[in-house]
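We did not get these values from a lab; they are worked out from the coordinates using the rules stated. As the structure is a prediction and not an experimental result, all values here were calculated from the model. Here Cβ is always computed from backbone atoms with ideal geometry, including for glycine, and neighbour counts include all displayed protein chains.
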Amino acid sequence: MRKSWVAVLLLACSASTAPATAQSTEEAVEEAAVETVAVVVDIEGADGCARVIEDGEEAIVCDRAYLNRTGIRHADYPAEAWRNDEEGRVYFEVAHAIDGSIIDCRITESSGSEVLDAATCPIVLERGEVIQEGLNKAAGTVRGNHYWRKREPQFGIFSVAIAYTVGADGRLFDCEIVNMAGDVPRNMREDFGGNPCPNRSSEPPYRDENGVPINKRVQLSIEVTELPLPAE
């Protein structure tokens, strides 16, 4: 258990001195809070935490450090692991300097893939970020983990076309799939397979040249194609 202490930042200082009087920590805090910007009181038995009183507001502030990001991106997935369909969660520990910069990294639990394990720490050392909070910053170690998951691009190369009729009353009917080819996303395939009508009950009707609502048959096409890269 530690002794309590008080740190006081006074708004104004007096040139005169007064004889010291014995008073408790709580009394000192209460008296100082009236004319101070901030009062910090150590909490007995709670290492690294302090009660902060500022502008009449009170809060508990604890010193802590944590890994804010690993820096690992989808494009970092090793080609060898991709070819072999390797996935897994890797656990690691990083050492950080007083300014939060990461200076060392070691694997503490394998992902099950030597390739994924070997790729982890170099990236964390280069791009990872440790955040420190509280009143006292210090060098130390924190732990983190990353799940290496093999993920395909959001959209493959595919095309979908549906036809439907927009009625004069705005209702959609006679919906049908005209074309569905290529690497169609599963959720889109399931949605269109169950009900090919667009996901809306009605829409503004088409009108003739006199402004009278009419039935009109239309086709909606969605296509993702591969294009050549622009010349450098």
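Could you grab the relative contact order for region 158-224? Cα pairs under 8 Å, six or more apart, rounded to a whole percent.
Relative contact order for region 158-224 comes out at 47 percent.
At 37 °C and 0.692 mPa s, what whole-number value in µm²/s does Stokes-Einstein give for the translational diffusion of region 68-223, with Rh from the Kirkwood sum over Cα pairs?
Using the Kirkwood radius from Cα pairs, D works out to 162 µm²/s.
Could you tell me the relative contact order of region 65-148? Use alpha-carbon pairs under 8 Å, at least six residues apart, and round to a whole percent.
With pairs under 8 Å counted, the relative contact order is 47 percent.
Give, as a single signed number, the net charge of other residues whose beta carbon lies under 13 Å from the beta carbon of Ile98, with Lys and Arg counted +1 and Asp and Glu -1.
-1
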